[in-house]
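To start, the structure under review is shown below, and the notes come after it.
The values are calculated or read from the model by the stated rules, or taken from the named source; none is laboratory data. Quick caveat: nothing in here was measured; it's all calculated off a predicted structure. Ideal geometry is used to build each Cβ from the backbone, glycine not excepted, and the neighbour counts take in all protein chains shown. For the accessible areas, the whole protein counts, side chains as well, though only heavy atoms, and no ligand, DNA or RNA atoms are used. Shrake-Rupley method; radii C 1.70, N 1.55, O 1.52, S 1.80 Å.
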Amino acid sequence: MADTFNSYKDLVDLRPLIELIRTEGKPVLYERGEYLLREGDMEKYISVVISGYCRYVTHRSDGSEGVVGFSLPGDIASGFSDRMYRNPSRLAIIASCRLEVLQLPFGYAFSKISEQDRHFTLKMEKAFSRTLFERHLNLYKLTSAERYRKFAASYPEIVGQILVKELASFLQITPQHLRRIRK
């Protein structure tokens, strides 16, 4: 498996989907804190991040956010898995800064892509599952410093822009510990 942060991109050819969204998608601008998707809602759109970044969060029992992922420039932003099973989203997608995306309605995008490759959705689900499994293993296999370095190596141009508390939550460490690692 490739050593990139969003490794699903190395497991499935997203070029046709991204090209479709770039060609037919509607540009949408989100300000910091605005939701692309709320927990409990049905995913309506699939987006490609043009600039900025968004975070995927789940809300803990105490109301705090647990960051489970990021979509950065060039990445797909979508609650794909729940939407594929026609379930309300179990996570939220929130703009962490000014975020520019191109969006297409989810059903339209996947019906068009399925015309080209009828197994595309299965490939996407498999790629996302492998990526999440790799991240799960890395929580146990890698130290927090190694997890940070892996993230930083994958996105050197944006790692300094991500809020410390968001990245620390994703890495399952405290913001103070992340600051020590960065030194």
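Using modelled amide H (1.01 Å from N, peptide plane; none on Pro or chain starts), what sits under 5 Å from the amide H of Val68, excluding residues fewer than 5 places away?
Amide H neighbours of Val68: Tyr56, Val57, Thr58.
Taking the dipole about the Cα centre of the chain, with the C-beta of Lys and Arg at +1 and of Asp and Glu at -1, give me whichever of Gly25, Gly66, Ala109 is farthest to the positive side.
Result: Gly66.
Per residue, what accessible area does the range 139-183 have, given a 1.4 Å probe and all protein chains present, in Å²?
Heavy-atom SASA per residue in the range 139-183 reads 61 Å².
Averaged over every viewing direction, what's the projected area of the C-alpha convex hull for the range 1-124? Give it in nm², one decimal, please.
7.7 nm²
I'd like the Karplus ³J(HN,Hα) series for the range 167-183: coefficients 6.51, -1.76, 1.60, θ = phi - 60°, whole numbers in Hz, and an x wherever there's a Gly or Pro.
5, 4, 4, 4, 7, 6, 9, 7, x, 5, 5, 4, 4, 5, 5, 5, 5
Probe 1.4 Å, all protein chains in place: accessible area of Tyr85 in Å², nearest 10?
In the full protein context, Tyr85 sits at about 140 Å².
Zone of Arg38 (label point 7 Å along Cα→Cβ, backbone N under 15 Å): which residues in the range 55-78?
From the range 55-78, the list is 59.
Give me the percent of accessible area attributable to carbon and sulfur for the range 24-73, probe 1.4 angstrom.
Carbon and sulfur together cover 48 percent of it.
Accessible area, 1.4 Å probe, largest first: how do Val68, Val164 sort?
Descending order: Val68, Val164.
Taking the simple approach of a point 7 Å from Cα along Cα-to-Cβ for both Ala145 and Lys112, what is their distance in nm?
Taking the two extended label points, one gets 4.8 nm.
What residues of the range 26-70 lie in the reach of a label at Glu157, counting those whose backbone N is under 14 Å from a point 7 Å from the Cα along Cα→Cβ?
Label zone hits: 49-53.
Contour minus end-to-end for Gln176 and Arg90, with contour as 0.36 nm per residue of separation and end-to-end as the Cα-Cα distance?
28.1 nm
Mind jotting down the distance between the C-alpha centroids of the range 118-136 and the range 139-183, whole Å?
Here the two parts' Cα centres lie 24 Å apart.
Can you compute the FRET efficiency between Glu24 and Phe133 using 1/(1 + (r/R0)^6), with r the Cβ-Cβ distance and R0 = 22 Å? Round to the nearest 0.05.
0.10
Which percent of the accessible area of the range 82-144 is formed by carbon and sulfur heavy atoms (probe 1.4 angstrom)?
On the way: 2090 of 3750 Å².
Heavy-atom surface of the range 82-144 belonging to carbon and sulfur, 1.4 Å probe: 56 percent.
Magnitude of the Cβ-charge dipole of the chain, K/R +1 and D/E -1, about the Cα centre, nearest 20 debye?
540 debye
Checking the table Lys112/Lys150; Lys26/Lys165; Lys26/Lys112; Lys141/Lys183; Lys44/Lys123 against a 25 Å threshold on Cα-Cα, which pairs fail?
Lys112/Lys150; Lys26/Lys165
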